[in-house]
Every structure is written in structure tokens, then in C-alpha cells.
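What follows is one structure encoded as C-alpha cells, with my remarks underneath.
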Ligand code: SIN
């Protein structure tokens, strides 16, 4: 099948896939065309979808095994592959107003961080609650040659605990348990990673989970990370996705970071995310 693609940005960053119905199984040729598309575009948008949890999981599995998130209170009871980002909770999950409201790349704090995520919107507020995405290839390309050289070989430290306790849920969020902490020891990843499929270089740091730079004093490392995060979140690198119910957005975590935005929490916002396992960044 030939994909029908409709660019959503003036660069190749985001494209809508117009002719795939995610409620139906996709054949091998379509899955491979979608894989090529995500490697080329970083963000694929599918609109007007009506899928159930089985279909969401089945579609996601075309791209790899699925990650089960460390924080089990957000996972749908019968679908541990799905994290419910639902401000009213769902089937007993803990309500979460705006869990991803800071720049991050999903689960970058694991030794093998996910290659991609697929976020499906069931209920959205009439305004607000957009998700911002940063193009980390473009951010890398725009660095000066001196900065690119400076970053060569540098590794950043990524961790989850500090972010998890800072996010809070109004201060009510419990600390990570000893068992959860054992799942997420701090790890290091190259600050510039080479995408394993496209071969392109992308910045791989994020405000959410990157804590310091290996071998640099804490302040110096933090200053460098702050400068890189400020650079990568300039408007020219950002796409803002305004959600409609029935959108599914598939993003490449190896070349993007994202940030949820505020909305009026009198309205329901219910999103389901699956996350595809990835490999060790190089
Ligand atoms: C996420 O951070 O994965 C979810 C973003 C959102 O809720 O908009």
C-alpha cells in the first residue's frame, strides 16, 4: 500500500498519514512503509480514528515490543501496555492532570529508552492541552560547529526519581517505592545520538530527566544542559499539536522531545499511550 502523506510543517518534521485505518490490522508492507515514514518525519499524525485498547496495542506492536511503565498506578488494569493520562482517572487508575508538562523524551532514564510512543486521544478539552514537540535533528543541525565539536563524546546523566517527586499531583504523590527505584537507576547517554535507522545526528537531552554531564562539575553540566534545552525549544524547532478526539500521534523518541501544556481541568482530558521499546543510544 502507498501511504498518503500530508505535511503538517514546512520541514519534514510532522506529517499526517491520511489513508490508514488503525482499527484494522496493517499488513507487513504498510507497517514497513510506516516505519520508513517515522524515520523520515519523526512525527506521524492519524486523525479521525476510533480504536479500542486491543487495536491500539496491536497497531503499536508493528513497531516493536511494548514498554510497561514503572509507575503501575497509571496503567490500565487489563492493559499494562497502556498508560492512561486521564485527569479523572480511568478504571481505577490514578488521575493525572498534566503528567508530561515539562520538556522530556519518554523514559530516557532507562539504559534502553523507547524508540517511539503512540498517544491516542479519547477526550480533549475545548481549548488548551496541546502537546508541543521539538525537532532534535534540526536543533542539532543548527548548533555552531564549535558547539558540535564540544559535545562530541560527552554523556549526560538521566534519572527519573527527582522528576517524579517534583511533579507531585499537588504534593500528594507518593515517593517511588524501593522496587520502582531499583527499576530506574541513573544511566548515561550520549548528548548527541546517531539515529540507528536514519543515520542522522540528534540532540538527546531533556529538561525532564537529564540531571548532569558525566565528568563535569554539577553546575557546569547543568549550565550546558540548560543552554541546550533553551536552544532546542526555540519556536523554529517546535510543532504544537492541537488535539481532536480520535487523533493518534506516533512520535520518534530518538529524534524529538515533547511537553504537554495546560488546560482548564474542569474539562476531561483522557489520553492513552503505548510506548515501543528501543535500543541503547550511540
Ligand atoms: C506524554 O508526555 O507522553 C503525554 C503528553 C500529553 O499528555 O500531552
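The values are calculated or read from the model by the stated rules, or taken from the named source; none is laboratory data. Source: prediction; values computed, not measured. Positions of Cβ are generated from backbone atoms using ideal geometry, with glycine treated the same way; all protein chains shown enter the neighbour counts.
Would you list the strands (runs of 3 or more DSSP E) that sit entirely within the stretch 191-256 and hold 2 or more residues that are closer than 24 Å to residue 20 by Cβ?
Correct list: 238-241, 248-252.
Yes/no per residue for (1) in contact with a helix residue (DSSP H, G or I) (Cβ under 9 Å, 6 or more places away or on another chain); (2) closer than 25 Å to residue 58 by Cβ; (3) crowded, with 18+ Cβ neighbours inside 10 Å:
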residue	(1), (2), (3)
93	yes, yes, yes
101	yes, no, no
108	no, no, yes
114	no, yes, yes
118	yes, yes, yes
125	no, no, no
134	yes, no, yes
139	yes, no, yes
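Do you know which residues across the stretch 153-169 are at pLDDT below 95, away from the ligand (no atom under 14 Å from the Cβ) and out of contact with any helix residue (DSSP H, G or I) (no Cβ under 8 Å at 6 or more places or on another chain)?
If the condition is that a residue be at pLDDT below 95, away from the ligand (no atom under 14 Å from the Cβ) and out of contact with any helix residue (DSSP H, G or I) (no Cβ under 8 Å at 6 or more places or on another chain), then 159, 162, 165, 166, 168, 169 are the ones that fit.
I'd like to know if the stretch 93-107 contains one or more residues that are farther than 21 Å from residue 259 by Cα and away from the ligand (no atom under 15 Å from the Cβ).
Within the stretch 93-107 (the criterion being farther than 21 Å from residue 259 by Cα and away from the ligand (no atom under 15 Å from the Cβ)), the answer is no, since none of the residues qualifies.
If we scan the stretch 94-109, do we find a residue that is more than 24 Å from residue 30 (Cβ to Cβ), part of a strand (DSSP E or B), touching a residue at least 12 places away in the same chain (Cβ under 8 Å) and out of contact with any strand residue (DSSP E or B) (no Cβ under 8 Å at 6 or more places or on another chain)?
The answer is no, given that none of the residues of the stretch 94-109 is more than 24 Å from residue 30 (Cβ to Cβ), part of a strand (DSSP E or B), touching a residue at least 12 places away in the same chain (Cβ under 8 Å) and out of contact with any strand residue (DSSP E or B) (no Cβ under 8 Å at 6 or more places or on another chain).
All but one of (1) in contact with a strand residue (DSSP E or B) (Cβ under 7 Å, 6 or more places away or on another chain); (2) on the phi < 0 side of the Ramachandran plot; (3) outside any strand (DSSP E or B) hold for residue 84, so report the exception by its number.
Going through (1) in contact with a strand residue (DSSP E or B) (Cβ under 7 Å, 6 or more places away or on another chain); (2) on the phi < 0 side of the Ramachandran plot; (3) outside any strand (DSSP E or B) one by one, residue 84 breaks only (3).
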